[in-house]
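J.: Would you mind keeping the following structure in view while I ask a few things?
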Amino acid sequence: MFGNETARRSTVILAVALAALTVGGTQAMAASEKTATDTAGTAGRAFGRLGPLADLVVERLRVGDRVAASKFGTDKPIDDPAREEQELAAVRTRAFALGLDPERTAAFFSDQITASKVVQRGLFDRWTAHPEQAPTTRPDLTEIRAELDELTTSLLTELVATNDVREHGVPCRVDVLEAQISADVVDHLDELHRTALRTALQSLC
């Protein structure tokens, strides 16, 4: 069992490494996604040293679905610049206390906010075009924000745990691709959430 899992992970690592080394990367990325699909199976967790961080990012994106459901059909805007700046200011303070680079950490969380808005806009467009797919209940935004606060704590903890991993350029980018592709596969992401995941992971290295 251990040998099979090691072989599966090695295959994915090779695929994402090829994608990282290919100029443009489009064809290699497509090939690596197919390889990941063939090898990841139903492991349920993203691979690699950045896998746990990618899992948390996907979880946050899923919360974005509920944020969209809470706002759709109301006057609540997707963009909330004042609240976003408050969140990023708080992140900078917490990052400094944890020994993380405040600006780099804020950039990562800014990407999380942007990725969530990608999901929200995509779902708004989908539900407007297909009203039958629109949510029939409206989640409590206050409860959702409390959950997002908990995820912020978990993400900061994982950023601390992976600080050394994220200091190395090309190896880090390979780790990101491994985590991204395997998270895409094991979480069965659609194109909207796949695009959001790429946005959310773009500042890790």
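The values are calculated or read from the model by the stated rules, or taken from the named source; none is laboratory data. Quick caveat: nothing in here was measured; it's all calculated off a predicted structure. As a convention, Cβ positions derive from the backbone with ideal geometry for all residues, glycine included, and neighbour counts pool all protein chains shown. Side chains are part of the model used for accessible areas, which takes the heavy atoms of the whole protein and leaves out ligands, DNA and RNA. Shrake-Rupley method; radii C 1.70, N 1.55, O 1.52, S 1.80 Å.
J.: Can you pull out every residue in the range 66-102 that is acidic (Asp, Glu), surrounded by 12 or more Cβ atoms within 10 Å (Cβ to Cβ) and not in a helix (DSSP H, G or I)?
T.: The answer is ASP80, ASP101.
J.: Something else about it: Which members of the range 187-205 meet the condition of being over 22 Å from GLN120 (Cα atoms) and open to solvent by less than 60 Å² (accessible area, probe 1.4 Å)?
T.: Correct list: LEU204 only.
J.: For ARG138, state whether it is in a loop (DSSP other than H, G, I, E, B), among the charged types (D, E, K, R) and in contact with a helix residue (DSSP H, G or I) (Cβ under 7 Å, 6 or more places away or on another chain).
T.: For ARG138, the condition - in a loop (DSSP other than H, G, I, E, B), among the charged types (D, E, K, R) and in contact with a helix residue (DSSP H, G or I) (Cβ under 7 Å, 6 or more places away or on another chain) - is met.
J.: Still on this structure, I have one more. Select from the range 26-78 the residues that are modelled with pLDDT under 95, of a type in the set (S, T, N, Q) and farther than 18 Å from LEU201 by Cα and list them in ascending order.
T.: GLN27, THR35, THR37, THR39, THR42
J.: Filter the range 132-157 down to the residues that are among the small types (Gly, Ala, Ser) and either open to solvent by 30 Å² or more (accessible area, probe 1.4 Å) or within 15 Å of ARG60 (Cα to Cα) (or both), then identify the one that is nearest to the chain's Cα centre (by Cα).
T.: It comes out as SER154.
J.: List every residue pair whose Cβ atoms lie under 9 Å apart, where the two residues are 6 or more positions apart in sequence or sit on different chains, the first residue falls within the range 173-190 and is closer than 16 Å to LEU204 by Cα, and the second residue, located anywhere, is charged (D, E, K, R) and not in a loop (DSSP other than H, G, I, E, B).
T.: That search, which allows pairs on different chains as well, returns ASP175/ARG166; VAL176/ARG166; GLU178/ARG9; ALA179/ASP55; GLN180/ARG194; GLN180/ARG198; ILE181/GLU33; ALA183/ASP55.
J.: Further, regarding this structure: With the structure loaded, tell me whether THR105 is open to solvent by 50 Å² or more (accessible area, probe 1.4 Å) and among the β-branched types (Val, Ile, Thr) or whether it fails that test.
T.: Here the answer is no, as THR105 does not meet what is asked.
J.: Ok, one more. How many residues, within the range 43-65, are crowded, with 21+ Cβ neighbours inside 10 Å and basic (Lys, Arg)?
T.: Counting residues in the range 43-65 that are crowded, with 21+ Cβ neighbours inside 10 Å and basic (Lys, Arg) gives 1.
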